[in-house]
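First the structure, in the form of structure tokens, and then the observations on it.
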Amino acid sequence: MRKSILEFQKQNPKIVAVTAYDATFASLVDAWVDIVLVGDSLGMVVQGKQTTLEVTMAEMIYHTQCVHRGLHTAHLVSDMPFLSFQISMEDTILNAGRLIQAGAQSVKVEGAGEALCETIRRMIEVGIPVMGHIGMTPQSVHRWGGFKVQGKEVSRRKELIDQAKALEAAGVYALVLESMPLDLAREITEQLSIPTIGVGAGPYCDGQVLVLYDILGMFQNFKPKFVKQYLNGSAVVQEVIQQYAREVKAGEFPLKEHSYGEVKT
Ligand code: KIV
């Protein structure tokens with residue numbers, strides 16, 4: 001049985017979340033995490049794009065279906081991609097519903113504001129739980145002028161605190177806080193009764209989420225300050241592939257033991 005949103009309360013131990021984009025990795029992380037996020041970060045880490053802005057509903061549905069097949073216990077939340085929840089209420093409900101039909105148990109939306117709060121209330125009314133996401137929201141990268149830490153200035157800090165409270169009042173069951181000073185994340189966390197889930201937001205949130213490929217160290221040239229690489233994955237993959245290539249060229253693989261027996265005629 002998969003975890004429902006009812007299990008995500010302010011708690012100790014903390015909520016552990018990670019992204020996944022396919023069934024194989026989903027099945028590997030399933031037993032150890034509370035939440036698996038099919039993040040639109042897939043546009044960058046899977047598709048190799050510069051931002052998340054080009055990710056489509058069709059792609060989110062496809063990856064949600066893949067992850068759904070690999071999960072048994074963790075909660076599955078899927079990102080609503082750019083423009084999938086801003087055009088009209090009808091489109092939004094339909095798009096969120098398609099992610100639920102693909103296997104998600106809840107959806108995540110980036111941003112804040114009265115219009116979005118109204119949209120969130122409507123999604124919840126039709127039975128779709130919603131996770132919020134504020135701070136350095138990647139879908140607004142051009143607004144922020146890059147992937148920059150948010151909430152350093154007093155006015156922006158106050159804005160983020162107000163946004164967090166408004167999203168809680170609209171009914172989100174948890175709130176992702178991305179790339180902000182740790183004391184701001186702490187203040188927001190203390191003021192909310194729903195759990196906060198940090199990414200680049202320090203140790204005082206109620207949970208943590210990271211992009212799986214970052215944890216595995218799959219990128220050599222890109223490591224944000226807030227990421228801890230638990231594996232030098234890019235080096236491991238390259239060593240293994242080099243060995244495989246060497247053995248094939250040298251005739252050391254495959255051997256008879258890797259082959260099917262001859263048919264006696
Ligand atoms: O798309 C994503 O992976 C995310 C997380 C970093 C929170 O939104």
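The values are calculated or read from the model by the stated rules, or taken from the named source; none is laboratory data. Model, not experiment: these values are computed from the prediction. Note that we place each Cβ from the backbone using ideal geometry, even for glycine, and neighbour counts take in every protein chain shown. In case anyone asks, the SASA skips ligands and DNA or RNA and just uses the protein heavy atoms, side chains included. Shrake-Rupley method; radii C 1.70, N 1.55, O 1.52, S 1.80 Å.
Scanning segment 168-182 for residues that are in contact with a Phe, Trp or Tyr (Cβ under 8 Å, 6 or more places away or on another chain) and open to solvent by 10 Å² or more (accessible area, probe 1.4 Å) yields Tyr173, Ser179, Leu182. Count of segment 61-97 residues, restricted to those that are under 17 Å from Gly39 (Cβ atoms), open to solvent by 60 Å² or more (accessible area, probe 1.4 Å) and away from the ligand (no atom under 13 Å from the Cβ), is 4.
Please count how many residues of segment 35-60 are touching a residue at least 24 places away in the same chain (Cβ under 8 Å), crowded, with 24+ Cβ neighbours inside 10 Å, closer than 17 Å to Phe147 by Cβ and of a type in the set (A, V, I, L, M, F, W, C). Count: 1.
Looking only at residues that are in contact (Cβ under 8 Å) with a residue 12 or more places away in the chain and polar (S, T, N, Q) in segment 199-224, which one is most open to solvent (accessible area, probe 1.4 Å)? Among those that are in contact (Cβ under 8 Å) with a residue 12 or more places away in the chain and polar (S, T, N, Q), it is Gln220. Restricting attention to segment 122-143, report how many residues are among the small types (Gly, Ala, Ser) and within 10 Å of the ligand (Cβ to nearest atom). Of the residues in that region, 1 qualify. Here the strands (runs of 3 or more DSSP E) wholly within segment 152-265 that include at least 2 residues being touching a Leu at 6+ places or on another chain (Cβ under 6 Å) and not basic (Lys, Arg) are 196-199.
Going by what's in this entry, would Asp162 be described as out of contact with any Phe, Trp or Tyr (no Cβ under 9 Å at 6 or more places or on another chain), away from the ligand (no atom under 15 Å from the Cβ) and within 21 Å of Trp144 (Cα to Cα)? Against the criterion (out of contact with any Phe, Trp or Tyr (no Cβ under 9 Å at 6 or more places or on another chain), away from the ligand (no atom under 15 Å from the Cβ) and within 21 Å of Trp144 (Cα to Cα)), Asp162 qualifies. Answer yes or no: is there a residue in segment 21-34 that is touching a Lys or Arg at 6+ places or on another chain (Cβ under 9 Å) and within 19 Å of Leu175 (Cβ to Cβ). Within segment 21-34, one or more residues are touching a Lys or Arg at 6+ places or on another chain (Cβ under 9 Å) and within 19 Å of Leu175 (Cβ to Cβ). Residues that are assigned to a loop (DSSP other than H, G, I, E, B), of a type in the set (S, T, N, Q) and open to solvent by 60 Å² or more (accessible area, probe 1.4 Å) within segment 1-34 comprise Gln9, Gln11, Asn12, listed in sequence order.
Candidates are the residues of segment 141-151 that are free of Cβ contacts under 8 Å to residues at least 12 places away in the same chain and assigned to a loop (DSSP other than H, G, I, E, B); the one that is most open to solvent (accessible area, probe 1.4 Å) is Gly145.
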